[in-house]
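See structure below.
The values are calculated or read from the model by the stated rules, or taken from the named source; none is laboratory data. Predicted, not measured: the structure shown is a model, and the values here were computed from it. Every residue, glycine among them, receives a Cβ derived from its backbone with ideal geometry; neighbour counts consider all protein chains shown. Only protein heavy atoms, including side chains, enter the accessible area calculation; ligands, DNA and RNA are left aside. Shrake-Rupley method; radii C 1.70, N 1.55, O 1.52, S 1.80 Å.
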Amino acid sequence: MAAAGRLSLKVKLARQLSTTAARPLSKLVKPPIQVYGLEGRYATALYSAASKQKKLDQVEKELSRVWTLLKDPKLSSVVMNPHTKSTVKQKAVNDALAKEKMSPITINLMNLLAENGRLRYTPDIVSAFGKIMSAYRGEVLCTVTTAQPLDDASLTELKSVLSGFLAKGEVLKLETKTDPSILGGMIVNIGEKYVDMSTKSKIQKLTKIMRETI
């Protein structure tokens with residue numbers, strides 16, 4: 001019953017987000033990955049509506065711009081204020097988006113969030129939609145953490161090695177981070193895999209072994 005309820009909500013959201021009246025929206029376009037939570041339901045419905053109108057890339061860019069707009073102190077003080085009426089929030093959002101000439105799909109999403117008092121979930125929805133779009137493009141997110149920034153030669157070699165773990169059609173999306181506390185080596189997150197090759201981890205393992213032998 002719970003699963004049916006979630007699906008029903010997604011379908012309802014997709015209907016409200018879409019501006020296509022020519023064909024029924026009884027079925028969602030299934031995203032390449034499932035994203036959970038409230039933000040996942042909105043992102044999935046948005047993906048379905050944008051996919052049917054072939055505006056996925058456009059909506060993705062618009063969402064990024066929307067979040068930038070909402071971080072403006074003047075607009076944020078209105079739309080993120082829990083005491084502000086939803087009608088006032090809706091007008092403020094509409095006025096801001098009208099100047100940007102955004103698509104009806106994006107405008108409908110923001111109106112829906114304002115109407116339901118859920119504008120605060122915008123960054124989570126933007127993030128969830130980004131994950132869906134990343135999977136749609138066949139991107140595999142890989143985060144590599146090192147104690148110091150990698151030089152160009154090391155970065156090129158790392159990309160080559162990591163690309164060897166990808167399936168046909170997948171694209172590596174590499175993000176590098178620095179964390180001096182790991183002392184050396186690296187920590188790699190690729191897809192659902194996690195590999196800790198840091199010096200800190202090696203020292204901790206060695207310390208544990210030494211304590212167990214004493």
Item checked: Centre separation in Å (Cα based) which lies between the range 180-214 and the range 152-176 -> 22 Å
Next item on the list: May I ask you to list the trypsin sites (Lys or Arg not before Pro) in the range 83-135 that are in a DSSP loop and have at most 13 other Cβ atoms within 10 Å of their Cβ?
Entry: LYS85, LYS101
Checklist line | Helical mean residue ellipticity (222 nm; -39500 (n - 2.57) per DSSP H run of 4+; nearest 500) of the chain | finding: -18500 deg cm²/dmol
Next item on the list: Might you tell me the accessible area per residue for the chain, computed with a 1.4 Å probe and given in Å²?
Entry: 62 Å²
Check: When the accessible area of the chain is computed with all protein chains present and a 1.4 Å probe, what percentage of it is carbon and sulfur?
Finding: 55 percent
Check: Sequence-distant or interchain residues sharing an amide H contact under 5 Å with GLU139, placed H: which?
Finding: VAL171
Notebook entry, point to check: Between LYS173 and LYS55, what length in nm is gained on full extension when 0.36 nm per residue of separation is reduced by their alpha carbon distance?
Noted result: 40.2 nm
Checklist line | Reachable lysines from LYS55, criterion Cα separation under 21 angstrom, eight or more residues apart if same chain | finding: LYS10, LYS12, LYS27, LYS30, LYS99, LYS101, LYS131
Notebook entry, point to check: Taking R0 as 35 Å, what's the FRET efficiency between THR84 and SER163 from their Cβ-Cβ distance, rounded to 0.05?
Noted result: 0.10
Next item on the list: Just read off the accessible area of GLU115 with the full protein assembly in place, 1.4 Å probe, to the nearest 10 Å².
Entry: 110 Å²
Next item on the list: Can you tell me the FRET efficiency between ASP151 and LEU183 if r is taken as the Cβ-Cβ distance and R0 is 25 Å, rounded to the nearest 0.05?
Entry: 0.85
Check: What is the spin-label model distance, in nm, from ASP72 to MET197 if the labels are put 7 Å beyond Cα along the C-beta direction?
Finding: 4.7 nm
Checklist line | Coil-residue chymotrypsin sites (Phe, Trp or Tyr not before Pro) of the range 38-95, DSSP, other Cβ within 10 Å capped at 12 | finding: none
Margin query: With the cut-off at 1.5 for a/c, could you classify the chain from its C-alpha gyration tensor as rounded, prolate or oblate?
Written below: prolate
Next item on the list: Can you send over the solvent-accessible area of MET210, 1.4 Å probe, protein chains only, in Å² to the nearest 10?
Entry: 110 Å²
